[in-house]
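Asks: Right, I'll just put the structure down here and ask away after.
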Amino acid sequence: MTQIFAIFGDPVSHSRSPLMHNSVFKHLHFDASYTRVHLKDGSQLRERFLKLGLSGANITVPHKEAAYTACDEIRGFAKKIGIVNTIILEDNKLIGYNTDADGFIFAIEEFKQNFTQTPHVLVIGAGGTAKALAQKLTLENFDVTVLNRSSKSAGFFQQLGIKFSTWDNFLINNKYDLVVNTTSAGLKDDELPAPQEMLEEILDNTTYVADAIYGKLTPFLQLAKSKNITYKDGADMLLGQGVLANELFVRHSLSKEKIFEAMKHSFEI
Ligand code: NDP
């Protein structure tokens with residue numbers, strides 16, 4: 001029987017996930033189909049998942065924390081951060097995973113060879129993506145500083161031993177191997193993720209730049225480009241998390257390399 005997968009989000013119409021996963025299913029002859037579900041109320045996630053008879057799902061903004069609560073069991077890194085972006089149905093139980101952070105590690109792989117021994121990373125933003133990335137990077141022995149416009153999430157990072165600053169008290173105290181924008185500034189507007197003067201100084205002391213936003217050159221990436229800094233948008237992060245989620249969907253029955261190739265195709269569409 002054809003297995004059905006879906007992405008839940010609000011909004012969800014922009015999501016590339018159906019193209020990505022259907023490309024794998026089609027090219028690798030896996031009997032499954034992937035669709036979108038516009039879900040306004042995150043507390044309805046479990047009920048909708050079961051009612052639709054899904055074998056698995058991805059979860060995007062703003063339901064990743066609700067997805068954590070919706071699951072019967074959480075595995076791997078998702079347990080540490082309380083944020084789930086992938087759900088698998090296993091023995092009638094919802095099993096939650098997080099593949100976003102590993103997707104990002106995959107995306108910066110090509111930068112790694114030029115990183116210093118303990119790379120300094122500045123994460124701009126303090127939302128769900130920043131929480132996942134900052135923890136993952138710390139576990140991978142990066143020296144992480146988080147910079148955000150407000151201090152509402154300061155405690156979260158500080159209790160993990162991760163340095164946290166707001167725009168008001170930020171001081172550059174070293175050169176950065178990588179600066180990554182995890183804010184939504186530039187997604188639907190032309191805003192920079194921090195005041196321009198501050199960003200200019202940061203970027204003058206940075207080797208690489210990444211943005212979680214994909215499919216457009218954000219004002220932040222434009223600034224990096226104007227300074228001739230090597231940068232990348234969030235497409236590789238999206239691809240990385242997608243490959244890892246797909247491996248879970250197909251229960252590791254297909255090779256990761258083949259999934260990667262088939263999924264990469266969808267980015268040419
Ligand atoms: P959240 O809503 O959890 O966090 C957003 C963060 O951005 C907050 O820290 C917020 O600050 C800050 N922020 C929002 N607007 C501005 C602004 N105008 N100027 C400065 N800071 C701002 O979002 P997520 O972490 O879930 O997602 C963030 C971005 O990452 C989105 O654009 C999303 O599309 C992208 N993303 C990409 C992925 C990929 O695979 N490429 C995967 C996941 C996310 P405050 O705390 O003060 O409110």
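The values are calculated or read from the model by the stated rules, or taken from the named source; none is laboratory data. What you see is a predicted model, and the numbers here were worked out from it, not measured in a lab. In this analysis, Cβ positions are derived from the backbone assuming ideal geometry, glycine residues included, and neighbour counts consider all displayed protein chains. All accessible areas refer to the heavy atoms of the entire protein, side chains included, with ligands and DNA or RNA removed. Shrake-Rupley method; radii C 1.70, N 1.55, O 1.52, S 1.80 Å.
Asks: Kindly state, to the nearest 0.05, the FRET efficiency for LYS112 paired with ARG149, given R0 = 22 Å and r defined as their beta-carbon distance.
Replies: 0.15
Asks: Note down the relative contact order for the chain as a percent, whole number, built from C-alpha pairs under 8 angstrom at least six residues apart.
Replies: RCO, the chain: 17 percent.
Asks: Give the residue list of trypsin sites (Lys or Arg not before Pro) in the range 183-263 that are DSSP loop and have at most 16 other beta-carbon atoms within 10 angstrom.
Replies: In loop regions of the range 183-263 (DSSP not H, G, I, E or B), the sparsely surrounded trypsin sites (Lys or Arg not before Pro) are LYS188, LYS216, LYS227, ARG251.
Asks: Which GluC sites (Glu not before Pro) in the range 154-232 pass both tests, a DSSP loop state and at most 16 other beta-carbon atoms within 10 Å?
Replies: Working: sites: GLU191, GLU197, GLU200, GLU201; in loops: GLU191.
Here the sparse-neighbourhood loop sites are GLU191.
Asks: Still on this model: Starting from 0 in steps of 10 Å, tell me what percent of the Cα-Cα pairs of the range 191-240 lands in each bin.
Replies: Reading upward from the zero bin: 26, 57, 16, 1.
Asks: Next question. If you take every DSSP beta bridge fully contained in the range 102-233, what fraction is antiparallel? Give it as a percent rounded to 5.
Replies: On the way: 0 of 21 bridges.
Close to 0 percent.
Asks: Dipole of the range 102-233, Cα-centred, from +1 at each Lys and Arg C-beta and -1 at each Asp and Glu C-beta, to the nearest 20 debye?
Replies: 240 debye
Asks: Between THR166 and MET1, what is the FRET efficiency for a Förster distance of 51 Å, r being their Cβ-Cβ separation, to the nearest 0.05?
Replies: The formula returns an efficiency of 0.45 here.
Asks: Then there's this: Given 0.36 nm per residue, what is the gain on full extension from LEU139 to GLU73 after removing their alpha carbon distance, in nm?
Replies: This chain segment gains 21.5 nm when fully extended.
Asks: Could you tell me the convex hull volume per residue, in Å³, taken over the Cα atoms of the chain?
Replies: Looking at the chain, the number lands at 130 Å³ per residue.
Asks: OK, next. Using a Förster distance of 45 angstrom, determine the FRET efficiency expected from the C-beta separation of LEU52 and LYS80, and round it to 0.05. Mind showing how you got there, number by number?
Replies: Details: r = 29 Å, r/R0 = 0.64.
Plugging the Cβ-Cβ distance into 1/(1 + (r/R0)^6) gives 0.95.
Asks: Of all DSSP beta bridges located in the chain, what percent are antiparallel, nearest 5? Don't skip to the answer; put the middle values down first.
Replies: Values: 8 of 42 bridges.
Within the chain, antiparallel bridges account for around 20 percent of the total.
Asks: Right, next: Rounded to the nearest 500, what is the chain's calculated 222 nm mean residue ellipticity when only DSSP H runs of at least 4 contribute -39500 (n - 2.57) each, over all residues?
Replies: Mean residue ellipticity, 222 nm, calculated: -10000 deg cm²/dmol.
Asks: Still on this model: Averaged per residue, what accessible surface does the range 102-233 expose to a 1.4 Å probe, in Å²?
Replies: Solvent-accessible surface per residue comes out at 48 Å².
Asks: Over what distance in Å are the Cα centres of the range 9-45 and the range 74-115 separated?
Replies: Answer, in whole Å: 17.
Asks: List the lysines whose Cα lies under 23 Å from the Cα of LYS64, skipping any in the same chain that are fewer than 8 positions away.
Replies: Excluding near neighbours in sequence, the set is LYS40, LYS51, LYS79, LYS80, LYS93, LYS131, LYS136, LYS152, LYS188.
Asks: Follow-up. Given a 1.4 Å probe and every protein chain left where it sits, what share in percent of the accessible area of the chain is carbon and sulfur?
Replies: 48 percent
Asks: The range 102-233: D in µm²/s via Stokes-Einstein (Kirkwood Rh, Cα pairs, 20 °C, 1.002 mPa s)?
Replies: Value of D from the Cα-based Kirkwood radius: 147 µm²/s.
Asks: A further question follows. Run the dipole for the chain about the Cα centre, Lys and Arg Cβ at +1, Asp and Glu Cβ at -1, nothing else charged, and hand back the magnitude in debye, nearest 20.
Replies: 540 debye
Asks: In addition: For TYR176, enumerate residues with amide H under 5 Å from its amide H, sequence gap 5+ or separate chain, H modeled in the peptide plane.
Replies: The list, which skips near neighbours in sequence, is THR206, THR207.
Asks: If you don't mind, another one. Give me a comma-separated list of calculated 3J(HN,Hα) values for the range 28-35, in order, Karplus coefficients 6.51, -1.76, 1.60 applied at θ = phi - 60°, integers in Hz, x for any Gly or Pro.
Replies: 9, 6, 9, 6, 7, 9, 10, 10
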